[in-house]
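Q: Just passing along the structure, written as structure tokens.
The values are calculated or read from the model by the stated rules, or taken from the named source; none is laboratory data. Computed from a predicted structure; not experimentally measured. Reconstructed Cβ throughout: ideal geometry from the backbone, glycine too, with neighbour counts over all protein chains shown. To get the accessible areas, we keep the full protein, side chains included, count just its heavy atoms, and leave off ligands, DNA and RNA. Shrake-Rupley method; radii C 1.70, N 1.55, O 1.52, S 1.80 Å.
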Amino acid sequence: MKIDKFDICCLLLSLFHLLVCPFNKVEESFNLQATHDILYYGKDLKQYDHFSFPGVVPRSFVGPLCLSLLSSPFHLLLQFFFHLFPPSFSFSQKLFTQIIVRSSLGFLVVFALCRFRRSIEIIYGREIAKYFIMISSLFQFHLMFYSTRTLPNIFALILVLHGFSDWFEGNHKRMIASFVFCIVVFRSEVVGILGPLTLLKWITKEMGVMKTLKWGIFFGIISLGATISIDSIFWDRWLWPEGEVLWYNTYKNKSHEWGTSPFYWYFTSALPKSLLGALPLGFFGIWKEPRKSWKILLPILVFLILYSFFAT
């Protein structure tokens, strides 16, 4: 993939937000702490933090493991540098490691976002793709700010962006692989996106039902095997983390104990705040090109309605 000025601008903006606000909220703590423990303690699982502070539900180590593998060369280089040149300032070396880890996550998000832009370019042309990246990333706050935040949603975002890119490009097998891995490992509710996208492809006869099910089962087994084998080691018991999250939120119905929102909250609060100036432009696009717009918008609206229903 050829790098251009928009890719560089997105990456620099992501790093800018990180450096301006390098610290974390509690929601980000598990993935960041897990990455820290892998980098600093390695195989010595007894020192890992999650045994003392497991949280309400277990979370997967797949994301932190990938993040630590990507960050480890720079982490080792940092340790070597500080060994040769001990710093005279009071900042902890671990703060720099945290910046390295979060920068690595930001790189993965920006790479996925820029690939998504190129898939838009294939369908709608260069001008539309250019305005997409400018409006969604360069002129707005949320996406670039959260791109380095170690939330489960951000790990899921990377796979969802790749899945949408494959959906646009017509690479259906890879689309299903990205979404299914995301559903099984990171966020099970992403099935609410995959379902409408797949149904639309069935209606337009771009995908066969049996082939879709075959790919879904195949990648589901691989994803389930990966998360169980990795997370069972780190948690020291047989475990499918996202399965326990799903069980906790649905069968036990305990998610409401952590707060609920009205059905319309995403439409009247969350989306207007996150989209900002893109919202009126979105309505203009629907009015100007209704057929092209609804093909993309309809699966997202279905997901938002379903998710809003379950979040109440």
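Q: Who wins for biggest fluctuation among Tyr266, Tyr251, Tyr146 in a Gaussian network model of the chain, springs between alpha carbons below 10 Å?
A: Per the Cα network of the chain with a 10 Å cutoff, Tyr251 tops the list.
Q: Picking from Phe16, Phe283, Phe132, which is most flexible by a Gaussian network model of the chain using Cα springs under 10 Å?
A: Phe283
Q: Now a separate question. Any chance you could give the angle, 0 to 90 degrees and rounded to 10, that helix 278-288 forms with the longest Cα principal axis of the chain?
A: 20 degrees
Q: With every protein chain present, what is the per residue accessible area of the stretch 136-193 (1.4 Å probe, Å²)? Mind dumping the intermediate values first?
A: Details: 1810 Å² over 58 residues.
Dividing the accessible area of the stretch 136-193 by its residue count gives 31 Å².
Q: Then there's this: Rounded to the nearest 20 Debye, what is the dipole magnitude of the chain about its Cα centre when Lys and Arg each give +1 and Asp and Glu each give -1 at the C-beta? Could you put the intermediate results ahead of the total?
A: Working: 29 positive and 19 negative charges, 165 e Å.
Charge dipole, the chain, about its Cα centre: 800 debye, nearest 20.
Q: Could you give me D for the chain, from Stokes-Einstein at 4 °C and 1.567 mPa s, where the hydrodynamic radius is the Kirkwood radius over C-alpha pairs? Units µm² s⁻¹, please.
A: Details: Rh = 21.1 Å.
For these conditions, the coefficient is 61 µm²/s.
Q: Quick check: at a probe of 1.4 Å, how many percent of the accessible area of the stretch 108-167 sits on carbon and sulfur atoms? Show your work: numbers first, answer last.
A: On the way: 1610 of 2250 Å².
Using a 1.4 Å probe with all protein chains present, the stretch 108-167 comes out at 72 percent carbon and sulfur.
Q: Right, something else. With a cap of 14 neighbouring Cβ atoms within 10 Å, and only residues DSSP puts in a loop, list the trypsin sites (Lys or Arg not before Pro) found in the stretch 30-88.
A: Answer by residue number: Lys43.
Q: Can you check what the net charge comes to around Phe179, using other residues whose Cβ is under 13 Å from the Cβ of Phe179 (Lys, Arg +1; Asp, Glu -1)? If you can, show how the numbers build up before the last one.
A: Working: positive: Lys173, Arg174, Arg187, Lys201; negative: Asp166, Glu189.
My count for the surroundings of Phe179 gives +2.
Q: Here is a follow-up. Expressed as a whole percentage, what fraction of the accessible surface of the stretch 4-79 belongs to carbon and sulfur atoms when a 1.4 Å probe is rolled over the protein heavy atoms? Let's see the in-between values first.
A: Numbers: 2980 of 4210 Å².
About 71 percent, which is the carbon plus sulfur part of the accessible surface.
Q: What's the center-to-center distance, using Cα atoms, between the stretch 84-162 and the stretch 1-60 in Å?
A: Here the answer is 12 Å between Cα centres.
Q: Something else about it: Go through Phe111, Pro64, Leu151 and say which Cα lies farthest out towards the positive end of the charge dipole of the chain; charges sit on Cβ, +1 for Lys and Arg, -1 for Asp and Glu.
A: Phe111
Q: Here's another thing I want to ask about it. Work through the residues other than Tyr131 whose Cβ is under 15 Å from its Cβ and net out their charges, Lys, Arg +1 and Asp, Glu -1. The partial results should precede the final answer.
A: Details: positive: Lys5, Arg117, Arg118, Arg126, Lys130, Lys288, Lys292; negative: Asp4, Glu121, Glu127, Glu289.
Residues close to Tyr131 contribute a combined charge of +3.
Q: How high is the relative contact order of the chain, in percent, with contacts defined as C-alpha pairs under 8 Å that are six or more residues apart?
A: On the way: 305 pairs, mean separation 60.4, N = 312.
For the chain, the relative contact order is 19 percent.
Q: Right, another one. In Å and on Cα atoms, what radius of gyration and Dmax does the stretch 80-129 show?
A: Taking only Cα atoms of the stretch 80-129, I get Rg and Dmax of 18.8, 54 Å.
Q: Give the whole-number value, in cubic angstrom per residue, of the convex hull volume spanned by the C-alpha atoms of the stretch 183-225. Can you show the working numbers first?
A: Working: hull volume 2.2 nm³, N = 43.
Convex hull of Cα atoms, per residue: 52 Å³.
Q: Between helix 29-41 and the chain, what is the angle of the helix's C-alpha long axis to the longest principal axis, kept within 0 to 90° and rounded to the nearest 10?
A: Between helix and principal axis, roughly 40 degrees.
Q: The stretch 1-158: D in µm²/s via Stokes-Einstein (Kirkwood Rh, Cα pairs, 37 °C, 0.692 mPa s)?
A: Values: Rh = 17.0 Å.
The estimated diffusion coefficient comes to 193 µm²/s.
Q: Which whole-number value in Å² is the accessible area per residue of the stretch 218-312, probe 1.4 Å?
A: Values: 6630 Å² over 95 residues.
The answer is 70 Å² per residue.
Q: With runs of 4+ DSSP H residues as the only contributors, calculate the mean residue ellipticity of the chain at 222 nm using -39,500 (n - 2.57) per run, divided by the residue total and rounded to the nearest 500.
A: Values: 14 runs with 213 residues, N = 312.
Helices in the chain give a 222 nm mean residue ellipticity of -22500 deg cm²/dmol.
Q: Turning to a different aspect of this structure: Most mobile of Ala226, Ala34, Ala112 per a Gaussian network model of the chain (Cα springs, under 10 Å)?
A: Fluctuation is largest for Ala226.
Q: Taking the Kirkwood radius as the inverse of the mean 1/r across Cα pairs, report the Rg/Rh of the stretch 78-237. Before the final figure, lay out the partial values.
A: Details: Rg = 19.5 Å, Rh = 18.1 Å.
Result for the stretch 78-237 is an Rg/Rh of 1.08.
Q: To make sure I understand the rule: partners must be aspartates and glutamates, Cα under 17 Å from the Cα of Lys5, and not fewer than 8 residues away in the same chain. Which ones qualify?
A: Within reach: Glu121, Glu127.
Q: Normalised by the residues of the stretch 87-206, what does the relative contact order come to in percent, with Cα pairs under 8 Å and at least six apart? Mind showing how you got there, number by number?
A: Working: 95 pairs, mean separation 27.5, N = 120.
The normalised contact order for the stretch 87-206 reaches 23 percent.
Q: Also, I was wondering about something else. Restricting things to alpha carbons, tell me how big the stretch 217-312 is in terms of Rg and Dmax, in Å.
A: Cα radius of gyration and Dmax of the stretch 217-312 are 18.9, 56 Å respectively.
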